[in-house]
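Participant: The following block contains the structure, expressed as structure tokens.
The values are calculated or read from the model by the stated rules, or taken from the named source; none is laboratory data. Just so it is clear, the structure is predicted and the values come from calculations on it, not from any experiment. Because the Cβ atoms are built from the backbone with ideal geometry, glycine has one as well, and the counts that use them run over all protein chains shown. Heavy atoms of the whole protein, side chains included, go into the accessibility calculation; ligands, DNA and RNA do not. Shrake-Rupley method; radii C 1.70, N 1.55, O 1.52, S 1.80 Å.
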Amino acid sequence: MATKKTEGKTAGKTAGKTAGKSPVRKTGMRKGLTAYGDEGFSLFLRKAFIKAMGYTDDALDRPIVGITNTFSGFNACHRNVPELIEAVKRGVMLAGGLPVEFPVITLHESFAHPTSMYLRNLMAVDTEEMMRGQPVDSVVLIGGCDKTVPALLMGAASANIPSIMLVTGPMITGDHKGERLGACTDCRRFWGKYRATEISEQEIGEINNKLAPSAGTCMVMGTASTMALCSEALGMMLPGGSCVPAVMADRLRQAEASGARAVAMAKERLTPDKIMTVEAFENALRVLFAVGGSTNAIVHLTAMAGRLGIKLDLDAFDKMGRETPVLVDLKPTGQGYMEDLYKAGGLATILREIRHQMNLKALTVTGRTLGEELAAATPAWDQQVVRKFKNPVFAGGSIAVLRGNLAPGGAIIKQAAMDPKLTQHEGRAVVFESLPDMAARVDDPNLDVKADDILVLKNAGPIGAPGMPEAGYLPIPKKLAAKGVKDMIRISDARMSGTAFGAIVLHVTPESAVGGNLALVRSGDRIRLDVPARKLELLVSDAELGRRRKAWQAPKPRPGDERGYRKLFMEQITQADEGCDFAFLKTKITTQVPRKR
Ligand code: FES
């Protein structure tokens, strides 16, 4: 009865508005009306259609909280999205809002051809335009797998509608013959053993069943874990939200609380530009170093910052790295998994160790500062996962930025996850012209390659592949792997999974497909890598490089390059140092991060 009364009252109000009066507030159902040329009619029509969902006028007068539904049968990392949505809805309704879920495309690392990075910007555009095109007062962004978190945050930053990030959470670990294992550092480790014929076909099959044993994201310090932690440090997630495993009840409580908070954020108009500031990005970058995070996070944070007119300064970033030790003992740089970090207190435990390096006054989605949230977190206890600042896992510069004639626009290496003997090395180049060329020859018993050579892969960058796939982890040639070679220097314009380990130089800029010097390297050339000096040099004279450049021809367009999303991608994609965002989606740069000190 009460519902009917309310409906009648509000329906009258609506009828009055349809008579030509302008809407009182541009929020909720009145926001972003479809353009029929008559606002009153547009609202009338909108309400008529949404009432087919069974809503009352009372419900439709509440702040509307959108929830991105990124579930897909192909995305195991988002398997728990449906139950998270239910918990978010509960939180929204408890706080007096109306939750409305809507679909956004989703991306899983193993189900995106040619690579998920090729589609990240498409997801960001989808997010931005759906947030802008639908009447949402705030949005709970549910992501988790590597590209989904940056894509959602890029879209939210550009739409600039109050938003809160909720991740699906990491998987729990599996077990094989008494050894803990998880995706995907152990995927690569065991695959390496299989290639080296150390384990049988049957055993690798058994391991395949155990590497991803639950819903959730890869549970090592790969890109998903790194982006979750960086998003919390950025202030875009509720405190403690990054580490809770996907299968735990706490994950659902995080979802409920995110929904409730999104209602308040709508009322407060707490938009992303107030949270994703230079100070906040400095915090995220600092945490990237402290957790020994994925190299991919550099590209994603660069793209996210670019949406707000902030440029990542690679040299200042390198300097920040030198003063920030790796404190978290997780694979691939250490031993543990995300559930261990969760039990050790999550991000708060890390922040306590680096609080003197953090911008504690940066605002978070709670409306309080990072420092206030840290002070309110559960007090520290004895634990083994997060080391003390003075007793780190790695002393500093887990990711180093390299410069030299082979990478004038920069390249990076995760020195915390490589054989330290290779940090200063000169060797002979063994060049693969493309991914197909590498696939065809790397295991050829006749390949002229020795353990101290340097493997070089061309045409695997943003334009060359396209999409800058995670192909930088070139396999050790089978004949060397069989002799026990575990690490070699590998150089490319590709990316690498955050879960990988090795002396791998990535993101060489400019990439070979646009004529960077990488395109000019020939097998037999000498290359010198000096990580402490941050140098990457091709030891070929300028005169010879000039001759080679004259003879160089850009790769021919591939079938499919001429139309559709691929055409847009090829025309608009920027290089790694600009985050591989589309040029037309970036905002005019007005400042840089980290700030020079
Ligand atoms: Fe989704 Fe690793 S494949 S997080």
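Participant: Need the failing condition index for residue 34 against (1) outside any helix (DSSP H, G or I); (2) open to solvent by 10 Å² or more (accessible area, probe 1.4 Å); (3) closer than 24 Å to residue 261 by Cβ, just the number.
Facilitator: Single failed check for residue 34: (3).
Participant: Between residues in the stretch 216-229 that are more than 17 Å from residue 281 (Cα to Cα) and residues that are assigned to a helix (DSSP H, G or I) and near the ligand (Cβ under 6 Å from one of its atoms), which pairs lie under 8 Å by C-beta distance while being six or more apart or on different chains?
Facilitator: From the stretch 216-229, the pairs are 216/77; 217/77; 217/224; 218/77; 218/224; 224/77.
Participant: Further, regarding this structure: Identify the single condition in (1) surrounded by fewer than 16 Cβ atoms within 10 Å (Cβ to Cβ); (2) on the phi > 0 side of the Ramachandran plot that residue 459 does not satisfy, given that it satisfies every other one.
Facilitator: (1)
Participant: Okay, moving on. Taking helices (runs of 4 or more DSSP H) that do not extend beyond the stretch 71-159, which have at least 3 residues that are in contact (Cβ under 8 Å) with a residue 12 or more places away in the chain and within 16 Å of the ligand (Cβ to nearest atom)?
Facilitator: Result: 116-133, 148-159.
Participant: In the set 362, 375, 348, 380, which member is touching a Gly at 6+ places or on another chain (Cβ under 8 Å) and open to solvent by 40 Å² or more (accessible area, probe 1.4 Å)?
Facilitator: On the way: 362 fails: open to solvent by 40 Å² or more (accessible area, probe 1.4 Å); 375 fails: touching a Gly at 6+ places or on another chain (Cβ under 8 Å); 348 fails: open to solvent by 40 Å² or more (accessible area, probe 1.4 Å).
Answer to the check: 380.
Participant: Mind checking which pairs have a first residue in the stretch 263-279 that is closer than 15 Å to residue 139 by Cβ and a second that is part of a helix (DSSP H, G or I) and open to solvent by less than 70 Å² (accessible area, probe 1.4 Å), Cβ under 6 Å, 6 or more apart or different chains?
Facilitator: Filtered contacts from the stretch 263-279: 263/92; 272/156; 272/157; 276/157.
Participant: So which pairs qualify, if the first residue must be in the stretch 448-473 and farther than 24 Å from residue 558 by Cβ, the second must be open to solvent by 30 Å² or more (accessible area, probe 1.4 Å) and charged (D, E, K, R), the Cβ gap must be under 8 Å, and the two must be at least 6 apart or on different chains?
Facilitator: Between residues of the stretch 448-473 that are farther than 24 Å from residue 558 by Cβ and residues that are open to solvent by 30 Å² or more (accessible area, probe 1.4 Å) and charged (D, E, K, R), the close pairs are 449/479; 450/428; 451/483; 452/428; 453/428; 454/428.
Participant: Going by the conditions given, is residue 177 surrounded by fewer than 16 Cβ atoms within 10 Å (Cβ to Cβ) and among the basic types (Lys, Arg)? Outline the logic, then answer.
Facilitator: Working: surrounded by fewer than 16 Cβ atoms within 10 Å (Cβ to Cβ): yes; among the basic types (Lys, Arg): yes.
So residue 177 passes the test.
Participant: I'm trying to understand the selection: among the residues of the stretch 185-234, which are away from the ligand (no atom under 14 Å from the Cβ), modelled with pLDDT of 90 or more, outside any helix (DSSP H, G or I) and out of contact with any strand residue (DSSP E or B) (no Cβ under 8 Å at 6 or more places or on another chain)?
Facilitator: 198, 199, 200, 209 - these are the residues of the stretch 185-234 that are away from the ligand (no atom under 14 Å from the Cβ), modelled with pLDDT of 90 or more, outside any helix (DSSP H, G or I) and out of contact with any strand residue (DSSP E or B) (no Cβ under 8 Å at 6 or more places or on another chain).
Participant: In the set 513, 481, which member is modelled with pLDDT under 95, away from the ligand (no atom under 16 Å from the Cβ) and of a type outside the set (D, E, K, R)? Reasoning before the result, please.
Facilitator: Details: 513 fails: modelled with pLDDT under 95.
When all the criteria are applied, what remains is 481.
Participant: Something else: Kindly provide the set of residues from the stretch 550-581 that are surrounded by fewer than 10 Cβ atoms within 10 Å (Cβ to Cβ) and not in a loop (DSSP other than H, G, I, E, B), ordered by number. Show your work before the answer.
Facilitator: Of all residues in the stretch 550-581, those surrounded by fewer than 10 Cβ atoms within 10 Å (Cβ to Cβ) come to 550-551, 553, 556, 559, 563-564.
550, 551, 564, listed by residue number.
Participant: Among the helices (runs of 4 or more DSSP H) confined wholly to the stretch 244-352, which include 1 or more residues that are among the acidic types (Asp, Glu) and modelled with pLDDT of 95 or more?
Facilitator: Numbers: elements: 249-268, 272-275, 278-290, 296-306, 314-322, 338-343.
The qualifying helices (runs of 4 or more DSSP H) are 249-268, 272-275, 278-290, 314-322, 338-343.
Participant: Still on this structure, please answer the following. Of all residues in the stretch 135-174, which are open to solvent by 10 Å² or more (accessible area, probe 1.4 Å) and of a type in the set (D, E, K, R)?
Facilitator: Listed by number, the residues that qualify are 137, 146.
Participant: When the residues of the stretch 527-548 are filtered to those that are touching a Gly at 6+ places or on another chain (Cβ under 7 Å) and of a type in the set (D, E, K, R), which remaining residue is farthest from residue 420 (Cα to Cα)? Lay out the reasoning, then the answer.
Facilitator: We begin by selecting, within the stretch 527-548, every residue touching a Gly at 6+ places or on another chain (Cβ under 7 Å); these are 527, 535-537.
Right, trim to of a type in the set (D, E, K, R) and you get 535, 537.
On the way: 535: 16, 537: 19 Å.
That would be 537.
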